[in-house]
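As structure tokens, the structure follows; a few thoughts come after it.
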Amino acid sequence: MPAPLNGEEIPLARRRQPPQPPRPSLLGRLLRLLLVTGLVTGTLLLLMAGPLRRWLTPAPVAGLNARLSADGRLLGHFPYPELPQGQLVAISSDLRLQPAAAQALLAMQQAARADGVDLVVLSAFRSIALQRQLFFDVKAERNQSARDRARVSAPPGFSEHSTGFAVDLGDARQPATNLSIRFDDTPAYQWLAAHAHRFHYQLSFPAGNAQGVSYEPWHWRFEGSTEALRLFEPAQRLAR
Ligand SMILES: [Zn+2]
């Protein structure tokens, strides 16, 4: 029966410990710790930068408890600047548009009339101040939450109407359908659906649109200039 092994019986060559790497100095260990901590903190800050900035910046519309989404939208609506009033032209006694949009609109109305359709303009350029009234006053009147109100109206600073490139259209022979989804049942809407692209007008909020805004068959925007295309590019990109 072999005797139990002890240290003495292990051959000398095997008793040696494998060579140990030199222990890093205290300074080396400290530097490595700092490097790792820096890398982790840096990565975390980079990941948090977007959300942090969004949470630290004040709400973009006073009185509205809502934040911007990552693509800059507020309650579904993209931000739009207000066109300086001097760049607008009158299309009637109380309605104004960008010149290119106005010219195309008049040509479109004329072409529609030739086909027996009477397109009426219900709204055109709206200042941010007017949009503020429309959003908040009507919201209060109807006892709507901001989210519910935003489904049918853009918050101030986020309306296509402020660009001078958007209009609300109706059928002059069926005023009861004005600003109602029943407008899509009128000859005016059918005509627009068939011909508006010829005049560079585009339905902004079709049924089931990616922005989550209610279906607005009456709301059309002009996309017949470089400036208009540039302004509406984010909305187009989302819709693709
Ligand atoms: Zn509109």
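Readers should treat all values here as calculations from the given coordinates under stated rules, not as data from a laboratory. Note that the structure is a prediction, hence the values are computed from the model and not measured. When we count neighbours, we look across all protein chains shown, and the Cβ atoms used for this are built from the backbone with ideal geometry, even at glycine.
Here are the numbers for the structure shown:
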{"quantity": "Full-extension gain in nm, SER25 to ASN143, via 0.36 nm per residue minus C-alpha separation", "calculated": "35.5 nm"}
{"quantity": "Net charge, GLN190 excluded, C-beta distance under 14 Å - Lys, Arg +1, Asp, Glu -1", "calculated": "-3"}
{"quantity": "Inter-site label distance for ARG182 and SER93 at 7 Å from Cα along Cβ, in nm", "calculated": "2.8 nm"}
{"quantity": "Per-bin percent of Cα-Cα distances, the chain [5 Å]", "calculated": "1, 6, 10, 13, 14, 12, 8, 5, 3, 3, 3, 3, 2, 2, 2, 2, 2, 2, 2, 2, 1, 1, 0, 0"}
{"quantity": "Most to least packed among 110-120, 156-166 [average Cβ atoms within 10 Å]", "calculated": "156-166, 110-120"}
{"quantity": "Cα shape, segment 113-240, gyration tensor, a/c 1.5 rule", "calculated": "oblate"}
{"quantity": "Extension reserve of the ALA193-SER127 stretch, reckoned as 0.36 nm per residue once the Cα distance is removed", "calculated": "21.0 nm"}
{"quantity": "Segment 94-240 - charge dipole about Cα centre, Lys and Arg +1 at Cβ, Asp and Glu -1, debye rounded to 20", "calculated": "360 debye"}
{"quantity": "Global geometry of segment 176-240, whether rounded, prolate or oblate, following the gyration tensor of its Cα atoms and the 1.5 cut on a/c", "calculated": "oblate"}
{"quantity": "Taking segment 85-239 and dividing mean pair separation by its residue count, relative contact order in percent (alpha carbons under 8 Å, at least six apart)", "calculated": "22 percent"}
